[in-house]
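Report on the structure given below.
Laboratory data are not the source of any read-out in this text; all were calculated from the coordinates shown. In this text the structure is predicted, and so the values were computed from the model without any measurement. Note that each Cβ is placed from the backbone with ideal geometry, even for glycine, and that neighbours are counted across all protein chains shown.
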Amino acid sequence: MKNLKLKSARAALDLSQQELADKVGVSRQTINAIEKGDYNPSINLCIAICKVLGKTLDDLFWD
Amino acid sequence: MKKKYTKYAVLAALLVFITFLLSMAVVNNSGKPVSTYSGIVKVTTANGQIAGNDLYELPSTIIKDSGVYHLFADMECEDYMVDTEVDSLVNGNDSVLAFEEGRYLYKLSSLKASLNKDDEVTMCLRFKPSEDEPIKDGDHYVEYTVQVMRDNTLSTFTAAFSFGSVLVGVISFVLFFISDKKKSKGFDEMQLMYRGQAALSALLTCLVILLGFMFCFFMEVIPFDAATLVTVIFYPSLGVFIIHADSHDAYTVFKENTTNRKIIGPLFLAVGIITTAMFLPQLFLVIRNQEKMLELPRYIASNSFFLMVGIEMIIKTHSDKKEAELEARMETENEES
């Protein structure tokens, strides 16, 4: 299932996938896979993404 | 130790155990001559020709175990007037041990053959006058030693492979415990996961091939020799690892560098196409003559490795490019809206 919340939160901050990936210390492909719903990130990565985007875990990863 | 690492450790131990078992099973049967015939034959010449029977047949050897054998022959004629050709007949089918016809030295020659249980090997010595100098009439004596010997390449390669497996296992085990994972920034968590899966797939490929070979070995049908086995294990396993890791963006190098893939992909494909083009005429000859080609699996394994990896990298490069373009277009549309 696609993670559109993450995608829109990233777009709202005008960040590209590569920029977000650099900030959280992963590859662009990993961010892409999370947004496409191909990969379930670890809780540590979820927290890192939330911190960069200024969102909570519920906002981004809870349906 | 965590449960998932225990699984890897068990698989690695199984791999080492199988190679050890295989080497032990083979060592007993290898390197010993199955039969040795030696002696001196008197060859009489008259009017520049071999007088009487020019063919000297040695007793037959019945093969007890299927496998790869070497047929050795060592010839020496004390006055170098007679050339000797060794015909080795397997179940009546003729094949020749080609000797270099030197005036003063007959080189030790051997023929490698894949033989089945109950095959009958008969070696014959065929004499003909030397082409180098006019033959003198009289008696000439040819000393011969002929051997049918089990190929010991299997034990050598299996022992080497076992040693290599143990060495790699020990090094991996030590590295696993001494490495500080927090300092390693080469791969992110998704890449590490896919690389782990790729390594497991490669190990399973390796095990399946080994088990298949072991099954054939115990059924006394040897599909290929040990040198080929090593290649047949190595290339598909490495290919599975590279294709699995690369297709999931886990890369085969230590960091993301798509330029490598752009170069390596076409390069591998070119190597695959060139080697296949070189190999195909040989293959057609083998098929036409209905011969047994021991190196066939080795060629197929190595050629398909280069072809498959090359194709995968080229496809991946194109799909990444399309994905990046799509992403860029969507972001532009978002900005505009």
(request) Enumerate the amide H contacts of A:S27 below 5 Å, restricted to partners 5 or more residues apart or on another chain; note that Pro and chain-start residues carry no placed amide H. (result) B:D188
(request) Write out the chymotrypsin sites (Phe, Trp or Tyr not before Pro) in segment A:2-63 meeting two conditions: DSSP loop, and at most 12 other Cβ atoms within 10 Å of their Cβ. (result) A:W62
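Arranged from highest to lowest average of other beta-carbon atoms within 10 Å per residue, in what order do the peptides B:210-217, B:237-244, B:198-205 appear?
On the way: B:210-217: 15.1, B:237-244: 20.8, B:198-205: 17.6.
Those peptides, ordered most packed to least, come out B:237-244, B:198-205, B:210-217.
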(request) Provide the per-residue ³J(HN,Hα) series for segment B:204-219, in order, calculated from phi with Karplus coefficients 6.51, -1.76, 1.60 and θ = phi - 60°, each as a whole number of Hz, with x at glycine and proline positions. (result) 5, 4, 4, 5, 4, 5, 4, 5, x, 5, 4, 4, 4, 4, 6, 7
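Computed FRET efficiency, Cβ-Cβ of A:A11 and B:L204, R0 45 Å: what is it to the nearest 0.05?
Values: r = 41 Å, r/R0 = 0.92.
Efficiency for this residue pair is about 0.65.
Starting from 0.36 nm per residue, how many nanometres of slack lie between B:D65 and B:I274 once their C-alpha separation is accounted for? It would help to have the intermediate numbers written out before the result.
Values: separation 209, 0.36 × 209 = 75.24 nm, distance 3.84 nm.
Extending this stretch completely gives an extra 71.4 nm.
Hey, with R₀ at 56 Å, roughly what FRET efficiency would A:D63 and B:K112 work out to, going by the Cβ-Cβ distance, to 0.05? Walk me through the numbers before you get to the answer.
Working: r = 66 Å, r/R0 = 1.18.
Once the sixth-power term is evaluated, E becomes 0.25.
Mind listing which trypsin sites (Lys or Arg not before Pro) in chain A are in a DSSP loop and have 11 or fewer other Cβ atoms within 10 Å?
Details: sites: A:K2, A:K5, A:K7, A:R10, A:K23, A:R28, A:K36, A:K51, A:K55; in loops: A:K2, A:K55.
Filter output for chain A: A:K2.
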(message) Given a Förster distance of 56 Å, report the FRET efficiency between B:Y37 and B:T259 from their Cβ-Cβ distance, rounded to the nearest 0.05.
(response) 0.35
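Once fully extended, how much extra length lies between B:F284 and B:N91, figured as 0.36 nm per residue of separation less the alpha-carbon to alpha-carbon distance? Mind dumping the intermediate values first?
Values: separation 193, 0.36 × 193 = 69.48 nm, distance 2.49 nm.
Gain on stretching B:F284 to B:N91: 67.0 nm.
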(request) Mind checking B:189-200 for the average number of partner chain beta-carbons within 10 Å of each residue's beta-carbon? (result) 3
(message) How shielded is B:325-332 by partner chains, expressed as the average number of their Cβ atoms within 10 Å of its Cβ atoms?
(response) 2
